[in-house]
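Q: Quick one: this structure, given as structure tokens, is what I'll be asking you about.
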């Protein structure tokens, strides 16, 4: 199992950044290799959807995911079925000086048969870059909206 944790400062208000992080479909739209479909709100602050990630040179991944607001500033995510048997974590939005701090923490496990014979180190590096890019795109979108 691999772990990922990454934080980035965001020059935005809490409300703008938090609304963006909670908009699963909008966040997926910021990254060209990610598609979210079959989205449904199970109850207020709790959603279920299918996520597909298609990255060149890697096997496509598809899973059902739950997301829920644990409390204001913390959105939890968890795979419940599909290619990723372990995909658990949270998005955190917190004040940081004059702006905000966006943090993504995940534990995940990509099954060996989906790694295209790549060593764990390379798979974890590629996934880390993917997660960092998603954080950067959220940062850019929130800062554009705030400007």
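Q: Length gain on complete extension for the stretch residue 52 to residue 26, per 0.36 nm per residue less the alpha carbon to alpha carbon distance?
A: That works out to 7.9 nm of additional length.
Q: Against the longest principal axis of the chain, how steep is helix 120-146, in degrees 0 to 90 to the nearest 10, with axes from Cα atoms?
A: With rounding to tens, the tilt is 20 degrees.
Q: A follow-up question, please. Relative contact order for the chain: what percent, with Cα pairs under 8 Å and sequence separation of 6 or more?
A: 30
Q: Turning to a different aspect of this structure: Taking a virtual spin label 7 Å from the Cα of residue 101 along the C-beta vector, which residues in region 62-78 bring their backbone nitrogen under 15 Å of it?
A: Inside the label zone: 73-74.
Q: For 125, 6, what ranking results if the residue with the fewest other Cβ atoms within 10 Å of its Cβ goes first?
A: On the way: 125 12, 6 15.
Going from sparsest to densest Cβ surroundings: 125, 6.
Q: Quantify how much of the Cα-Cα distance distribution of region 61-147 extends past 21 Å, in percent. The partial results should precede the final answer.
A: Numbers: 1500 of 3741 pairs.
In whole percent, the share of Cα-Cα pairs in region 61-147 beyond 21 Å is 40.
Q: At R0 = 22 Å, how high is the FRET efficiency between residue 72 and residue 125 if r is their beta carbon distance? Nearest 0.05 is fine.
A: 0.10
Q: Mind listing P(r) for region 2-146? All alpha-carbon pairs, 10 Å bins, whole percents.
A: It works out to 11, 43, 34, 11, 1, in whole percents.
Q: Using helices alone, what [θ] at 222 nm do you get for the chain, with -39,500 (n - 2.57) per DSSP H run of 4 or more residues, divided over all residues and rounded to the nearest 500?
A: Here the helix-only value at 222 nm equals -9000 deg cm²/dmol.
Q: May I pose another question? When the chain is fully extended, how far beyond the present Cα-Cα distance does residue 88 get from residue 2, taking 0.36 nm per residue of separation?
A: Roughly 29.9 nm would be gained on extension.
Q: For a label point 7 angstrom out from the Cα of residue 81 toward its Cβ, which stretches of region 28-42 have the backbone nitrogen within less than 17 Å?
A: Inside the label zone: 37-42.
We did not get these values from a lab; they are worked out from the coordinates using the rules stated. The structure displayed is predicted, hence computed values, not measured ones. Cβ sites come from the backbone with ideal geometry, for glycine too, and all protein chains shown count toward neighbours.
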